[in-house]
Amino acid sequence: MTSLQRPTTSHQQLYNADFAQWITQATLLLQQGKFDELDIENLIEEVEDLGKRDRRALCSNLEIVLLHLLKWQFQPEQRSASWRGSIREHRRRIARILKESPSLNAYLQQEYEDCYTEARLQAADETGLLLATFPTECPYSIEQALNGEFLPDKD
């Protein structure tokens, strides 16, 4: 196929009406090698979204880890098993994404400071502490943030 095929009305209707069925149909067409019958435009969009989804999930999970590390460090009187569990769970999710897509390690490094900035803002909102309470630069290395044993000021 030399150019993008515009989705037929039935492709577009199915895509809009029943995404799961559209996926089933696209998978079957791919397996059968019927590439000329595929809804290429929407298929390209969905493949691109898959990569974005993993990047968003990586940042979201990292922000939660950093948020709870900040809360752990700056509100020691509020420490709980729930915070510790959240840190562990989101570290596990990050590890799984990186295991499945090791090339996202570079993306994680690139976005680390931005994720910290978001976590810092959220920490101020959730704790009621002044934003200035939390360092403007991330006090944890990426290795510490992802280390299953690391907790700041661990008792």
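Mind pulling the angle between the C-alpha long axis of helix 81-100 and the longest principal axis of the chain? Nearest 10 degrees, somewhere in 0 to 90. Relative to the chain, helix 81-100 is tipped by roughly 40 degrees.
The label point for ILE44 and the one for GLN109, both projected 7 Å from the Cα toward the Cβ, are 3.1 nm apart. Cα-based values for the chain, radius of gyration first and Dmax second, are 21.4, 64 Å.
Would you mind calculating the gained length between LEU30 and ARG84 on full extension (0.36 nm times residue separation, minus the Cα-Cα distance), in nm to one decimal?
Numbers: separation 54, 0.36 × 54 = 19.44 nm, distance 4.43 nm.
My answer for the length gained is 15.0 nm.
Rounded, prolate or oblate: pick one for the stretch 80-124, where a ≥ b ≥ c are the square roots of the eigenvalues of its C-alpha gyration tensor, a/c under 1.5 means rounded, and failing that, prolate if a/b is larger than b/c, else oblate. It is oblate, given that a/c is not under 1.5 and a/b is not larger than b/c.
Of the residues LEU28, SER80, CYS59, the one whose Cα sits farthest towards the positive end of the charge dipole of the stretch 25-93 is SER80 (charges of +1 on Lys and Arg Cβ, -1 on Asp and Glu Cβ, taken about the Cα centre). Remark: the LYS52-GLU143 segment gains 30.4 nm on full extension, using 0.36 nm per residue and subtracting the alpha carbon distance.
Taking 7 Å steps out from each Cα toward its Cβ at ASP153 and THR136 produces label points 2.2 nm apart.
All of the numbers you see were taken from the coordinates with simple rules; none came from a lab. All figures in this text were calculated on a predicted structure; none of them were measured in a lab. Using ideal geometry, Cβ is built from the backbone for each residue, glycine included, and neighbour counts are taken over all protein chains shown.
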